[in-house]
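Here the structure is laid out as structure tokens; the discussion comes afterwards.
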Amino acid sequence: MPMTSQPAQDSWERVGETVRTIREIRGLKPDELANLVGISRPYLANIEAGRKRLTPILVAKIAEALHVSQMAIIAPSSEVAA
């Protein structure tokens with residue numbers, strides 16, 4: 001059976017959850033991170049829910065705002081640990 005695009009969606013949901021988790025650990029509210037990155041709070045909410053994909057520029061801006069590497073956001077935890 002051919003693979004569908006579902007794994008890609010799961011990946012973006014994981015990325016969104018990672019952004020949300022790091023944001024919460026850093027003590028930032030959604031509005032605060034959105035302002036630091038230059039996007040709207042609803043757009044950030046869509047990223048965190050996995051409904052919007054991150055562009056390379058947004059990955060860089062979010063990583064900088066959260067003081068983490070870009071790989072910490074986009075790579076599955078098993079790849080970061082390796």
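Data overview
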| item | result |
| --- | --- |
| Net charge of Cβ neighbours under 15 Å - reference GLU32; Lys, Arg +1; Asp, Glu -1 | +2 |
| Principal axis dimensions, largest first and in whole angstrom, of the stretch 6-81 by Cα | 29, 24, 21 |
| Net charge of neighbours whose Cβ lies under 11 Å from the Cβ of LEU58, counting Lys and Arg as +1 and Asp and Glu as -1 | +2 |
| Computed lengthening from ASP10 to THR55, 0.36 nm per intervening residue step minus Cα-Cα distance | 14.5 nm |
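Laboratory data are not the source of any read-out in this text; all were calculated from the coordinates shown. Quick caveat, the model's predicted, so the values are computed rather than measured. Cβ atoms come from the backbone with ideal geometry, glycine included; neighbour counts cover every protein chain shown.
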